[in-house]
Amino acid sequence: MERSRTMTMDATDIRILRLLQSNGRLSIEQVAQTVHLSRPAVHERVRRLEQTGAIRGYQAQIDWAAVGLPITAFVSVRTSISAAGVAIAIVALNAEYEDALVEDCHQIIGEWCLLVKIRAGSSRALQIILDRVRSLSGVQETMTTISLFATSEACLPGGEGAVPGEKS
């Protein structure tokens, strides 16, 4: 069955998506309690969201410090050639390093061509992968910003990510 990339969603569908995004292990019962629908109604909505591709899958939320990659850096990259080609080369760097990881690489519009999110085990590991990025063919310039802390809606007490019955 071919997946449609567009579908009509209402506010309840969006709430379900946000709940599952913050905790993909929520039971249908927990979601139903939060959105005030019956279990069968929520089950049908989740099934439809999966079938249409609105939900592409479920994944673990990783504590990067616990796995030895506590540093998060955002690297803006300006290219002299196709940004898509450079992006592929940057993501391919993952095969070369164990103590640094290119988590995301976005092609963007504006002063810069790419925005790369890198996880690293140390400042030295970050420096090594940044040097490698700068040495790639087509990379003109980079600018790196180190994240001190990340906040998201799912982290807020009582936010959409809160599980019914659990204290925030």
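The values are calculated or read from the model by the stated rules, or taken from the named source; none is laboratory data. The shown structure was predicted, so the numbers you read here are calculated from the model rather than taken from an experiment. Glycine also receives a Cβ, built like all others from the backbone with ideal geometry; neighbour counts cover every protein chain displayed. These accessible areas exclude ligands, DNA and RNA; they are computed on the full protein's heavy atoms, side chains included. Shrake-Rupley method; radii C 1.70, N 1.55, O 1.52, S 1.80 Å.
Given R₀ = 35 Å, FRET efficiency for Arg124-Ser80 by Cβ-Cβ distance, to 0.05?
0.80
With a probe of 1.4 Å, find how much accessible area the chain has per residue, and write the answer as a whole number in Å².
Ligands and nucleic acids excluded, the figure is 64 Å² per residue.
Are there trypsin sites (Lys or Arg not before Pro) in the stretch 27-111 that DSSP puts in a loop and that have at most 16 other Cβ atoms within 10 Å, and which ones?
For trypsin sites (Lys or Arg not before Pro) across the stretch 27-111 that sit outside H, G, I, E and B with at most 16 neighbouring Cβ atoms in 10 Å, the list reads Arg56.
Count neighbours as other Cβ atoms within 10 Å of each site's Cβ, and list the chymotrypsin sites (Phe, Trp or Tyr not before Pro) in the stretch 2-94 that are DSSP loop with at most 11 such neighbours.
Taking the stretch 2-94 and a limit of 11 other Cβ atoms within 10 Å, the loop chymotrypsin sites (Phe, Trp or Tyr not before Pro) found are Tyr58.
Say R0 is 22 Å: what FRET efficiency, to the nearest 0.05, do Gln33 and Gln61 get from their beta-carbon distance?
0.55
Fully extended, how many nm does the chain gain between Ala41 and Ser152 (0.36 nm per residue separation, minus their Cα-Cα distance)?
37.1 nm
Can you sort Glu141, Glu98 by 1.4 Å-probe accessible area, starting with the largest?
Heavy-atom accessible area, descending, gives Glu98, Glu141.
Take the eigenvalues of the Cα gyration tensor for the stretch 30-69, scale each by 5, and report the square roots as semi-axes in whole Å, largest first.
They are 29, 15, 5 Å, listed from largest to smallest.
Taking the highest mean first, how do the peptides 83-91, 112-120 order by number of other beta carbon atoms within 10 angstrom per residue?
112-120, 83-91
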